[in-house]
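What follows is a set of notes on a single structure, which appears directly below.
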Amino acid sequence: MTSVTKPDIALVIFLFVIALAPIGLLALTGTHVPWYPVSGEPVRELLDAEGISIVNTTDTLWNLPGATGGRTYVIIDRDNDQTVISTQNFETAEARDAAIRSWHAHGAGRGKPAGSLFVLGQQLVMISPSDRPVLETLGATLNGDR
Amino acid sequence: MGEAGSGTAGSLSNKKVLGLFALAMINVAAVLSIRNFPSMAVYGWSCIGWYVIGAIFFLIPISLAGAELATGWPEGGGVYAWVKQAFGEKGGFTALFCEWSNNLVWFPTVLSFIASTFAFALTPSLASSGIFMFTVMMVAFWGTTAIAYFGEEVSTKFGNIGVIIGSIIPSLLIIVLGVWWLGSGAAIVLPPFSIGAMVPTISLATLPFFATVILLFAGMEMAGFHALETKNPQTDFPKAMGISAIIIVVCTVLATLAIAIVIPADQLNLASGVMQAIQYFFTAAHIPWMVAPMALLITLGGVVSLAAWLIGPAKGLGVVAEEGNMPPIFDRTNKYGAPVAVLVIQALIGSAISLLYVFLPSVNQAYWILSAMTVELLCIVYVLIFAAVIKLRYSQPDTPRPFRIPGGMPGVWFVGGLGILGTTFAFIVGLMPPTYFQTSGMAYVGSVLLGTFLLAVPPLVFLHLKNPAWLKKGGAS
């Protein structure tokens, strides 16, 4: 069998370092999302504060373990495009985190998961479709709250 | 592990065990994914239009290009061998490494899908347990690696049976239930069908979805990695491409539509997954007891898909190492001809990434960047494949190709051009950041490109440091 030299080992380590770069990225930027109780309807308050009118509001319960219910808001933006904003509260941080994992795992093919997901303590906020203008307004605030 | 091999290039595979059916099933395993159906069903009738776009700009071109390349150069390494013929070792190695490294980032998502689907078969709330999730993910990952360890014969049998039971049968079951639903006179939740309803909305908001649709059919080249184990590559590859493409399209389009006509769009909310959709579907069809068995089947389908992506590129890297382009430590094969060193390194890196994925769930920008990187890396692979099929018509016009893309030079330019156009466009829109990111667009694009570069550049380093001692005695040049 061919002997393994020091440069060979260095190259193996190099490969590991390169391949583990994504982990480094996650480790550097991925802090655990804080869990805290959410009262009222922060998304509605945010929409009201931004002067965005809601055309329809319904109660919603996602079919996920630990989900306890939330609201679905339908808004129409200036371009007359419809955006659906759905919120959901979770009993525990573990149940919420499982929902986040599920969302990541359900991207079609190799693409990004559909919609945009935000975390507000015990609540998940799903905005669909992604990249609507309203996301610039809401997303920055929701990201800031996270 | 098994004994270290010391054979020549090609010793990874000295048994011709793959026939037409097995080749076709390798592609079906890699591409057909029930995981995609609910996400696409949300688009209603327009999912047909999206699938047509994916077929025109990717599925048909990659099937034709793959068939020509696989029959012209039925060599070990698949993508590596094809691109190497056109652009040399740097091009071939880079294409293969991009295919391999993008998997490292993608593995945790498919492993998480496998674990959460398995949890659904037992008790859905188990998905909330990080310990359960990680344990199942590791059993699936290392179990699949173990299957690969026992070589082509074992992994082929597993793949053949698994893809039928875990992917094709569940898809057909969904289609049959959809037909039954239509026949029963039950309400159809989609608006009335029209040609216009099939046309997808193309706008700035939906552009990023284009990249997703293009890569929905990624993996059609997977059978090419198994050329050395194929009994009659020059006759079987084109047929396998055709058969697998038909199975994939029929199952994907019809099963997606079956879900779309039964389940209201608001029940297909994007936070829920495949099993939630299946549960609604089966409950509506009055067979809720089928949910758990279906979850087990879909879990198996996920494992088979994982196996296809885990084994193919790893075999390719094994061939690269055999040819002396990587240090000998990568060139360890066992008595079954499996590239054990590459498999173990891959499993170790994938396990580490999975660990963070499970225990650090987040929706921050890092995940978007990682997701974008997988798209960019795959686009590099496919652009190189399409460019190779065109280049080889000029550089090696006399090499026998039992299958040729029809239409002569205009035909190959048209097919390759469509593929390059689709994947290049997917690469560009894959760089578009979500509008709400706090970091600047340039910082996002820079991060994605830097990450993509890091995961694409190791072949150039390896080739720069290439040492004659890396080539085993009697090895290929």
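Only the coordinates and a few stated rules stand behind these numbers; no lab work does. This is a predicted model, so every value here is computed, not measured. Neighbour counts run over all protein chains shown; Cβ positions are idealised from the backbone, glycine included.
Sequentially through region B:374-383, phi angles give Karplus couplings (6.51, -1.76, 1.60; θ = phi - 60°) of 5, 5, 5, 4, 5, 4, 4, 4, 6, 4 Hz, Gly and Pro residues having no value and appearing as x.
By how many nm would the segment from A:THR92 to A:THR57 lengthen if fully extended, with 0.36 nm per residue of separation less the alpha-carbon distance?
Working: separation 35, 0.36 × 35 = 12.60 nm, distance 2.51 nm.
Using 0.36 nm per residue and subtracting the Cα-Cα distance, I get 10.1 nm.
Rounded to two decimals, the Cα-based Rg/Rh of region B:243-363, with Kirkwood Rh, is 1.12. Of B:LEU204, B:THR135, B:TRP82, which is farthest on the positive side of the dipole of region B:74-220, counting Cα position, with +1 on Lys and Arg Cβ, -1 on Asp and Glu Cβ, and the Cα centre as origin? Comparing the listed Cα positions along the dipole, B:LEU204 ranks first. Exposure proxy ranking for B:VAL52, B:VAL375, based on other Cβ atoms within 10 angstrom of each Cβ and starting from the fewest, stands as B:VAL52, B:VAL375. Think of it as helices only: each DSSP H run of n ≥ 4 in the protein assembly as shown is worth -39500 (n - 2.57), and spread over all residues that comes to -19500 deg cm²/dmol at 222 nm.
Within 10 Å of each Cβ in peptide A:90-103, how many partner chain Cβ atoms are there on average? Round it to a whole number, please.
On the way: counts 1, 1, 1, 2, 6, 3, 2, 9, 14, 6, 5, 14, 12, 7.
Other-chain Cβ atoms within 10 Å of each residue's Cβ, averaged: 6.
For chain B, the extents of the C-alpha atoms along the principal axes are 68, 52, 50 Å, listed from largest to smallest. Take each residue in B:93-106, count the other chain C-beta atoms within 10 Å of its C-beta, and the mean is 2. The share of Cα pairs per 10 Å bin across region B:336-401, counted from zero up to the longest distance, runs 15, 24, 28, 21, 9, 1 percent. For the peptides B:318-330, B:409-421, the ranking by mean Cβ contacts within 10 Å, running from highest to lowest, is B:318-330, B:409-421.
Distance cut-off 18 Å, Cα to Cα: go down the list B:LYS231/B:LYS335; B:LYS315/B:LYS335; B:LYS84/B:LYS466; B:LYS16/B:LYS335 and report the pairs above it. Those over the limit are B:LYS231/B:LYS335. When every Cα-Cα distance of region B:130-234 is counted in 10 angstrom steps from zero, the calculated P(r) takes the values 10, 20, 29, 24, 16, 0 percent.
Among the trypsin sites (Lys or Arg not before Pro) within region A:70-125, which fall in a DSSP loop and have no more than 12 other Cβ atoms within 10 Å of their own Cβ?
Taking region A:70-125 and a limit of 12 other Cβ atoms within 10 Å, the loop trypsin sites (Lys or Arg not before Pro) found are A:ARG78.
Could you compute how fast the protein assembly as shown diffuses translationally, taking Rh as the Kirkwood radius over C-alpha pairs and applying Stokes-Einstein at 10 °C with viscosity 1.306 mPa s? Give it in µm² per second. In µm²/s, the coefficient rounds to 64.
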